[in-house]
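Read through the structure below, which is laid out as structure tokens, and then see the notes.
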Amino acid sequence: MNILITGGSGVIGECLVREALARGHETSFTYHSRPSPIGNAQPIRLSLEEPARLAESLSSCKPDVLIHSAAFTNVDGCETEQEKARIQNAQASGELAKFAKSRGALFIYISTSFVFPKRDHAVREDEEPAPVNYYGQSKLDGELALRAVGGEWQIWRTDQPYGWVPPGQKQNTVTRTLSLLKEGKEVREVEDWWNNPTYLPDFAAAGFALIEKRAQGIYHLVGSSYATRADWARATASAFGYNPALILTKRAGDMRLPAARPNVNADNSKVQKETGVRMRTIEEALRDMRADPRAVEFVSKGK
Ligand SMILES: NC(=O)c1ccc[n+]([C@@H]2O[C@H](COP(=O)([O-])OP(=O)(O)OC[C@H]3O[C@@H](n4cnc5c(N)ncnc54)[C@H](OP(=O)(O)O)[C@@H]3O)[C@@H](O)[C@H]2O)c1
């Protein structure tokens, strides 16, 4: 298949570009400010700032599948720059969906569990969204924009993607915690932000299974643990031989950030049932990371 991935220079996008190449697909990707090569995938510069010009920028592309991962991803930035978030996350998504439809391509939109508020149960795909911050609102508006266009589409909602990432890529709670522990520095994590941390290899496996099935609709591609950032960091410390008591805590309110965090627990049973891919817990994923050759430099010297 010919696969085009927007935001290929980002954490999720790069993971998907590598997965597409590993599966033998003809792959191209877009970047905005960071034009790093990824294997033999073709890089294309794209800006979400002028949605009306997106189709022109991609005029040479004839994808069978367009995965739209590029976005204004800074949650607090979206709160303070709402017009920018509206254009880049909502309006641009509608324009890209039109482009995909004009090419007869399956359009896949990477969304977020932040479209929901906290609920007293694990939230299913068909429940009514109600974002608590503008990032969530702009991503929800992107979902609605592509659904209004029609054509073939999938929405993959995710949360806190993590795993070993290539040098130069944005770090995640696990790699950041390990880097600090290795250097003997203080690790302080938030004790009242809850997430479903999502192991990138599972995200990619489940996503490509959905593509191969040519599934339609919304899927929660999230990990199977619901944990605080502090608990996640403690589990990371334990898995790599450090004392979990080294993880100190802070409260979200002390950081005085512009955007509220929703503490959503998303139900991932639909994607697991339909693809057979298990979305691992934090402990399972950490064991997998620990078994990777890249773990060697991060294991506690005491072990
Ligand atoms: N990370 C999370 O916790 C999380 C959770 C749920 C959902 N998501 C969603 O997953 C997707 C990917 O997130 P990520 O974590 O991989 O993000 P990321 O690492 O911040 O990457 C963002 C990507 O978007 C591109 N981009 C940013 N501004 C752009 C612009 N004005 N025009 C064109 N491209 C632009 C970036 O290009 P350059 O780097 O080249 O500038 C990069 O490729 C997003 O849609 C996000 O909303 C992320």
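Tabulated values for the structure
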read-out	value
Residue in the stretch 3-11 that is modelled with pLDDT of 95 or more, over 20 Å from Thr73 (Cα atoms), surrounded by fewer than 23 Cβ atoms within 10 Å (Cβ to Cβ) and touching a helix residue (DSSP H, G or I) at 6+ places or on another chain (Cβ under 8 Å) present	no
Unmet criterion (only one of (1) among the small types (Gly, Ala, Ser); (2) over 20 Å from the mean Cα position of the chain (by Cα); (3) assigned by TED's automatic domain parsing to the domain that holds Lys98) for Ala145	(2)
Verdict on Asn195 being crowded, with 17+ Cβ neighbours inside 10 Å, in contact with a Gly (Cβ under 9 Å, 6 or more places away or on another chain) and closer than 30 Å to Phe107 by Cβ	yes
Qualifying residues in the stretch 155-168 (those that are of a type outside the set (Lys, Arg) and farther than 22 Å from Arg287 by Cβ) - the one farthest from the ligand (Cβ to nearest atom)	Pro167
Residue list for the stretch 170-180, filter: buried (at least 17 other Cβ atoms within 10 Å of the Cβ) and in contact with a helix residue (DSSP H, G or I) (Cβ under 6 Å, 6 or more places away or on another chain)	Thr173, Val174, Thr177, Leu178
Members of the stretch 95-122 that are surrounded by fewer than 21 Cβ atoms within 10 Å (Cβ to Cβ), closer than 20 Å to Asn196 by Cα and in contact with a helix residue (DSSP H, G or I) (Cβ under 9 Å, 6 or more places away or on another chain)	Pro117, Ala122
Condition check for Val174: within 16 Å of the ligand (Cβ to nearest atom), within 29 Å of Asp120 (Cβ to Cβ), out of contact with any Cys (no Cβ under 9 Å at 6 or more places or on another chain) and not in a loop (DSSP other than H, G, I, E, B)	yes
Residue within the stretch 284-297 that is farther than 30 Å from Gly207 by Cα and not in a helix (DSSP H, G or I) present	no
Evaluation of Pro167 against (1) buried (at least 20 other Cβ atoms within 10 Å of the Cβ); (2) modelled with pLDDT under 95 (one fails), failing number	(1)
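Yes/no per residue for (1) surrounded by fewer than 21 Cβ atoms within 10 Å (Cβ to Cβ); (2) among the polar types (S, T, N, Q); (3) under 30 Å from Gln82 (Cβ atoms):
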{"residue": "Val222", "(1), (2), (3)": "no, no, yes"}
{"residue": "Gly241", "(1), (2), (3)": "yes, no, no"}
{"residue": "Met255", "(1), (2), (3)": "yes, no, yes"}
{"residue": "Asn263", "(1), (2), (3)": "yes, yes, yes"}
{"residue": "Ser269", "(1), (2), (3)": "yes, yes, no"}
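The values are calculated or read from the model by the stated rules, or taken from the named source; none is laboratory data. Note that the coordinates shown come from a computational prediction; the quantities given were computed from them, not determined experimentally. Counting neighbours? That spans all protein chains shown, and the Cβs are built from the backbone with ideal geometry, glycine included.
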